[in-house]
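Below is one structure, written out as structure tokens; the observations come after it.
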Amino acid sequence: MTCNEKLILALDVPEYDYALELVDKFRDRIEIFKVGLELYTVAGPLIIREIHRRGKKVFLDLKLHDIPTTVSRAGIAAARMGVFMFNVHASGGYNMMKKCMDDVVKVCLKENLNRPRILAVTVLTSISMEVLRDEVGIQHSLNTHVKHLSSLALRAGLDGVVASANEAVLIRRHCGRGFLIVTPGIRTSWTPPDDQMRTMTPKQAIRAGADYIVMGRAILSQVDPVKTIELIKTEIDAA
Ligand code: C5P
């Protein structure tokens with residue numbers, strides 16, 4: 001996999017036109033663009049179609065979490081839009097993940113579609129150990145919880161997880177080589193963590209075993225985002 005593919009750019013912007021401007025600006029340097037809750041809510045399937053028209057791949061980051069039938073139907077819709085990957089919350093449980101994967105596989109075979117990678121979000125990178133314990137009510141350690149959710153996703157047949165790079169080594173050890181690890185919460189050494197709690201640098205994340213890193217603000221808030229991307233790629237290469 002090339003550097004262009006390893007770095008996923010989060011298009012966390014509130015406007016369709018601005019999102020496409022960013023795609024056009026970075027299309028020579030980025031292969032996969034992430035469309036999340038904000039952009040999808042304002043721009044919907046149209047933005048996905050336009051990114052595809054530019055020959056780029058989409059990671060649809062809607063973190064689906066609902067009853068199995070609803071998640072499976074949304075997954076099928078994502079597959080029909082041709083996204084490269086999408087995600088669900090592992091805490092939605094085994095049946096939710098398994099039904100989504102099984103139904104998407106069936107539809108893709110029947111309709112001759114490329115099957116999207118389906119990932120499970122373990123514990124959000126914005127959640128600290130204390131929040132997980134005191135607010136979410138998980139009494140065992142964060143690592144144990146991430147390990148549990150990753151194993152559940154593997155058993156349900158998912159392609160991988162979205163997790164903090166802090167847990168990448170642990171996940172790799174428990175889920176094996178072929179299991180994809182996508183890590184948001186990435187910060188260069190010169191950018192603030194914002195609301196992220198479990199961050200790592202691009203180099204640390206790749207060294208820990210991340211297949212893909214997701215970055216938004218640490219690129220888009222810079223005066224020269226193109227130069228920032230080049231610096232990040234140098235880090236990825238070195239790792
Ligand atoms: O700006 P920043 O690089 O922190 O953005 C991270 C992106 O990754 C956001 O779009 C966020 O929704 C997403 N994400 C995350 N943590 C997860 C899953 C997705 O930060 N566990």
Checklist entry - Which of the residues that make up the stretch 199-218 are surrounded by 18 or more Cβ atoms within 10 Å (Cβ to Cβ), closer than 18 Å to Glu230 by Cα and touching a residue at least 40 places away in the same chain (Cβ under 8 Å)? => result Pro202, Ala205, Ile206, Tyr212, Ile213, Val214, Met215, Gly216
Checklist outcome for this item: When every residue in the stretch 27-38 that is among the hydrophobic types (A, V, I, L, M, F, W, C) and out of contact with any Phe, Trp or Tyr (no Cβ under 8 Å at 6 or more places or on another chain) is compared, the one farthest from Leu62 (Cα to Cα) is Ile30
Item to check | Breaking point among (1) modelled with pLDDT of 95 or more; (2) more than 12 Å from the ligand (Cβ to nearest atom); (3) not aliphatic (A, V, I, L, M), for Thr234 | outcome: (1)
Checklist entry - Gly216: modelled with pLDDT of 95 or more and at positive phi, yes or no? => result no
Next on the checklist: So for the stretch 137-159 (the condition being among the polar types (S, T, N, Q), surrounded by fewer than 18 Cβ atoms within 10 Å (Cβ to Cβ) and assigned to a loop (DSSP other than H, G, I, E, B)), does at least one residue qualify?
Outcome noted: yes
Checklist outcome for this item: Checked the stretch 166-198 for anything more than 11 Å from the ligand (Cβ to nearest atom), surrounded by fewer than 17 Cβ atoms within 10 Å (Cβ to Cβ) and part of a loop (DSSP other than H, G, I, E, B); matches are Gly176, Arg177, Gly178, Ser189, Trp190
Next on the checklist: Quick test of your reading of the structure: Lys203 fulfils all but one of (1) under 26 Å from Phe86 (Cβ atoms); (2) more than 17 Å from the chain's Cα centre (by Cα). Name the failing condition by number.
Outcome noted: (1)
Checklist entry - Could you list, in sequence order, the residues of the stretch 170-211 that are among the basic types (Lys, Arg) and either in contact with a Pro (Cβ under 8 Å, 6 or more places away or on another chain) or modelled with pLDDT of 95 or more (or both)? => result Arg172, Arg173, Arg187, Lys203, Arg207
Next on the checklist: Anything in the stretch 52-66 that is surrounded by 13 or more Cβ atoms within 10 Å (Cβ to Cβ), more than 15 Å from the ligand (Cβ to nearest atom) and not charged (D, E, K, R)? List them, or say none.
Outcome noted: His52
Item to check | Cβ-Cβ under 9 Å pairs, at least 6 apart or on other chains, the stretch 1-17 side under 15 Å from Ala239 (Cα atoms) and in contact (Cβ under 8 Å) with a residue 60 or more places away in the chain, far side part of a helix (DSSP H, G or I) and hydroxyl-bearing (Ser, Thr, Tyr) | outcome: Cys3/Thr234
Item to check | Residue in the stretch 115-124 that is more than 13 Å from the ligand (Cβ to nearest atom), of a type outside the set (Lys, Arg) and over 25 Å from Ile32 (Cβ atoms) present | outcome: no
Next on the checklist: Please list, ordered by residue number, the helices (runs of 4 or more DSSP H) wholly in the stretch 30-119 having 1 or more residues that are at pLDDT 95 or above and small (Gly, Ala, Ser).
Outcome noted: 37-53, 68-81
Next on the checklist: Six or more apart or on different chains, Cβ atoms under 6 Å: show the pairs whose first residue is in the stretch 112-133 and of a type in the set (Val, Ile, Thr) and whose second is near the ligand (Cβ under 8 Å from one of its atoms).
Outcome noted: Val121/Lys63; Val121/Asn87; Val121/Val162; Thr122/Ala163; Thr125/Ser164; Thr125/Pro184; Thr125/Gly185; Thr125/Gln196
Checklist outcome for this item: Residue set Glu38, Glu135; condition more than 15 Å from the ligand (Cβ to nearest atom) and farther than 18 Å from Gly160 by Cα; output residue Glu135
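The values are calculated or read from the model by the stated rules, or taken from the named source; none is laboratory data. Just so it is clear, the structure is predicted and the values come from calculations on it, not from any experiment. As a convention, Cβ positions derive from the backbone with ideal geometry for all residues, glycine included, and neighbour counts pool all protein chains shown.
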